[in-house]
Amino acid sequence: MADEYGNVSNAISGGVFFHEVIQGRDITVVLPPKVTPALSGLPAPSPTFTGRDAHIEELLHALSPCEEQQEVRQPSRIAVAGLAGVGKTELVVQVAARALHEPDWFSGGVLFIDLLGYDPERRLSPERALDGFLHALGISGEHIPDGLQNLQRLYRSVLAALAHEGRRILVVVDNASSADQVAPLLPTDGMTAVLITSRHTLDIDARLHDLNVLDTDASIVLLHQALLQTRGPTDTRVQDAPEAAAAIANLCAGLPLALRIATALLAIRRQRVSVRPSPRAQEPVPVPLRQ
Ligand SMILES: Nc1ncnc2c1ncn2[C@@H]1O[C@H](COP(=O)(O)OP(=O)(O)OP(=O)(O)O)[C@@H](O)[C@H]1O
Ligand SMILES: [Mg+2]
């Protein structure tokens with residue numbers, strides 16, 4: 001039940017009880033009246049986001065609630081896979097931000113978590129992730145049970161209840177390194193949508209969305225946009241030296257992370273960039289020239 005302050009409790013009839021709430025036959029989840037601030041915890045999308053139009057379109061199409069009512073049901077679980085630095089997080093953040101701006105798509109808001117799956121020292125367990133999600137959903141600590149199964153059950157019940165109330169939530173799970181790490185966070189109500197990123201192809205019954213490196217044109221646009229963002233409209237180095245920019249784009253192999261690092265180096269130097277052959281390799285390397 002929710003009291004006048006919006007605190008939430010769960011009414012349970014029948015079932016099995018260990019400690020507080022372990023298993024109930026019928027669980028009634030009374031939701032907090034307002035969306036809590038944690039429900040808007042999506043990282044800021046990059047203002048220099050470039051390309052990926054087809055990916056954005058496809059992912060938005062899959063998230064569209066209208067499409068779910070059509071004959072061909074859209075997947076509510078989508079896993080974006082690709083190598084490190086290819087732009088998986090950026091893509092899902094961009095898609096989520098756009099989806100949240102669509103009226104009535106996700107009026108419940110967004111749940112975002114970085115599972116840190118590729119950081120062996122900080123990797124989050126599903127229990128910790130679920131605990132964080134339940135807090136973000138407005139469930140107070142005293143009502144959050146122990147144990148993976150109980151956490152999972154309450155989390156899924158809350159999401160389902162929100163969806164049935166018309167407050168559908170978008171769950172974004174970043175950096176999942178294994179199916180075991182992410183599977184307990186997957187909603188099962190068929191309405192709550194989830195976007196997952198991973199460097200691996202996970203066996204989690206999700207629609208797989210592969211992400212590859214940018215082509216040369218998009219890479220050059222990224223360089224240009226990122227320089228303009230950092231240095232302002234007077235930095236026209238990419239336009240002034242298109243061949244050098246193309247060489248840098250190719251050296252970065254279309255990897256957004258590498259392109260952002262190259263941009264940061266260019267921004268620091270504030271000098272013109274050209275290319276000359278490397279004495280140690282056959283590949284050309286970028287060389288700063290004095291303005
Ligand atoms: N299309 C893009 N346009 C502009 N910048 C981008 C684009 N894609 C990614 N970036 C930027 O490139 C960097 C790396 O992207 P991101 O963090 O999304 O990679 P990732 O695939 O999630 O990597 P990891 O596997 O390490 O988590 C970030 O700074 C991001 O903002
Ligand atoms: Mg990432």
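The values are calculated or read from the model by the stated rules, or taken from the named source; none is laboratory data. If you're wondering where the values come from, they're calculated on a predicted model, not measured in any experiment. Cβ coordinates were reconstructed from backbone atoms using ideal geometry, including for glycine residues, and neighbour counts include every protein chain displayed. With ligands, DNA and RNA removed, areas are computed over all heavy atoms of the protein, side chains included. Shrake-Rupley method; radii C 1.70, N 1.55, O 1.52, S 1.80 Å.
From LEU202, LEU255, grab the single residue that is closer than 30 Å to ASP180 by Cα, in contact (Cβ under 8 Å) with a residue 40 or more places away in the chain, crowded, with 16+ Cβ neighbours inside 10 Å and not assigned by TED's automatic domain parsing to the domain that holds ASP180.
LEU255 is the lone residue from the list that is closer than 30 Å to ASP180 by Cα, in contact (Cβ under 8 Å) with a residue 40 or more places away in the chain, crowded, with 16+ Cβ neighbours inside 10 Å and not assigned by TED's automatic domain parsing to the domain that holds ASP180.
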- [ ] For THR197, work out the one condition from (1) closer than 29 Å to PHE112 by Cβ; (2) surrounded by fewer than 20 Cβ atoms within 10 Å (Cβ to Cβ); (3) polar (S, T, N, Q) it doesn't fulfil.
- [x] (2)
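Which one is nearest to ligand 1 (Cβ to nearest atom) among residues in segment 50-59 that are crowded, with 17+ Cβ neighbours inside 10 Å and at pLDDT 95 or above? Let's see the steps before the verdict.
Our first condition is that a residue be crowded, with 17+ Cβ neighbours inside 10 Å; within segment 50-59, this holds for 50-52, 55, 59.
If we keep only those that are at pLDDT 95 or above as well, we get 52, 55, 59.
Numbers: ARG52: 5, HIS55: 9, LEU59: 13 Å.
By that ranking, first place goes to ARG52.
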Open item on the list: Would you confirm whether or not segment 255-262 contains a residue that is more than 16 Å from ligand 2 (Cβ to nearest atom) and modelled with pLDDT under 95?
Closed with: yes
Task: Yes/no for LEU91 being away from ligand 2 (no atom under 16 Å from the Cβ) and in a helix (DSSP H, G or I) - done: no
Task: Qualifying position, being touching a residue at least 12 places away in the same chain (Cβ under 8 Å) and open to solvent by 10 Å² or more (accessible area, probe 1.4 Å), among GLY147, GLY108 - done: GLY147
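Please tell me if ALA218 is within 16 Å of ligand 1 (Cβ to nearest atom), open to solvent by less than 10 Å² (accessible area, probe 1.4 Å) and of a type in the set (A, V, I, L, M).
Working: within 16 Å of ligand 1 (Cβ to nearest atom): yes; open to solvent by less than 10 Å² (accessible area, probe 1.4 Å): no; of a type in the set (A, V, I, L, M): yes.
So ALA218 does not fit the description; no.
How many of the residues in segment 111-135 are touching a residue at least 60 places away in the same chain (Cβ under 8 Å) and in contact with a strand residue (DSSP E or B) (Cβ under 8 Å, 6 or more places away or on another chain)? Show your work before the answer.
If we filter segment 111-135 for residues that are touching a residue at least 60 places away in the same chain (Cβ under 8 Å), which is where we start, we get 111-115, 117-118, 135.
If we keep only those that are in contact with a strand residue (DSSP E or B) (Cβ under 8 Å, 6 or more places away or on another chain) as well, we get 111-115, 117.
Number of matching residues: 6.
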